[in-house]
Amino acid sequence: GGLAVALAESAFAGGLGMTLDLGPLMGHDGLAPDELLFSESPGRLVVTVTPERRAAFERAMAGTPCVAVGTVVAAPTLTIAAAAQPWLALPLAQLKAAWQAPLRGM
């Protein structure tokens with residue numbers, strides 16, 4: 001669960017990839033990249049905003065903890081870095097197959 005699944009599900013729904021850097025999140029909770037991706041937190045949201053609306057969204061969120069962690073890309077790959085160090089790069093098809101695998105076993 002957690003951030004990793006929320007981001008992957010968002011990518012699956014849109015059929016688009018994402019390039020992410022967890023660097024801006026690291027240090028807030030003292031968590032390692034895998035802990036950031038898979039720990040659950042009831043108070044966090046993932047929001048996708050078009051580039052044209054980013055500034056307006058950030059103005060609307062002023063005063064609240066809000067961090068941009070990446071961009072949506074056309075290539076169907078989820079790429080994650082941690083403080084600019086490559087950490088994971090997998091095709092969405094492979095991630096979706098792994099995500100759906102438990103459902104197929106029923």
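The values are calculated or read from the model by the stated rules, or taken from the named source; none is laboratory data. Just so we're clear, the structure is a prediction, and the values are computed from it rather than from any experiment. Note: ideal-geometry Cβ built from the backbone for every residue, glycine included; neighbour counts use all protein chains shown. The accessibility values were calculated without ligands, DNA or RNA, using every heavy atom of the protein model including side chains. Shrake-Rupley method; radii C 1.70, N 1.55, O 1.52, S 1.80 Å.
Hey, can you tell me all the residues within the stretch 43-98 that are closer than 22 Å to L31 by Cβ, polar (S, T, N, Q) and in contact (Cβ under 8 Å) with a residue 60 or more places away in the chain?
T79
Specify which of the listed residues (A75, A97, A81, A32) is open to solvent by 50 Å² or more (accessible area, probe 1.4 Å) and not basic (K, R). Break it down into steps so the answer makes sense when it comes.
Values: A97 fails: open to solvent by 50 Å² or more (accessible area, probe 1.4 Å); A81 fails: open to solvent by 50 Å² or more (accessible area, probe 1.4 Å); A32 fails: open to solvent by 50 Å² or more (accessible area, probe 1.4 Å).
So the residue among A75, A97, A81, A32 that is open to solvent by 50 Å² or more (accessible area, probe 1.4 Å) and not basic (K, R) is A75.
Can you tell me which residue within the stretch 11-29, out of those that are surrounded by 16 or more Cβ atoms within 10 Å (Cβ to Cβ) and small (G, A, S), is farthest from R44 (Cα to Cα)?
Per the stated criteria, the residue is G17.
For G70, all conditions in the list (1) at pLDDT 95 or above; (2) under 14 Å from L16 (Cβ atoms) hold save one; what is the number of the exception?
In the conditions (1) at pLDDT 95 or above; (2) under 14 Å from L16 (Cβ atoms), G70 misses (1) alone.
If you scan the stretch 40-56, which residues turn out to be open to solvent by less than 60 Å² (accessible area, probe 1.4 Å) and either basic (K, R) or out of contact with any helix residue (DSSP H, G or I) (no Cβ under 6 Å at 6 or more places or on another chain) (or both)?
Start the filter on the stretch 40-56 by keeping residues that are open to solvent by less than 60 Å² (accessible area, probe 1.4 Å), which leaves 41, 49, 55-56.
Matches in the stretch 40-56: S41, A55, A56.
May I ask you to say which residue of T19, T48 is β-branched (V, I, T) and within 17 Å of W87 (Cα to Cα)? Quick ask: steps written out before the conclusion?
Numbers: T48 fails: within 17 Å of W87 (Cα to Cα).
So the residue among T19, T48 that is β-branched (V, I, T) and within 17 Å of W87 (Cα to Cα) is T19.
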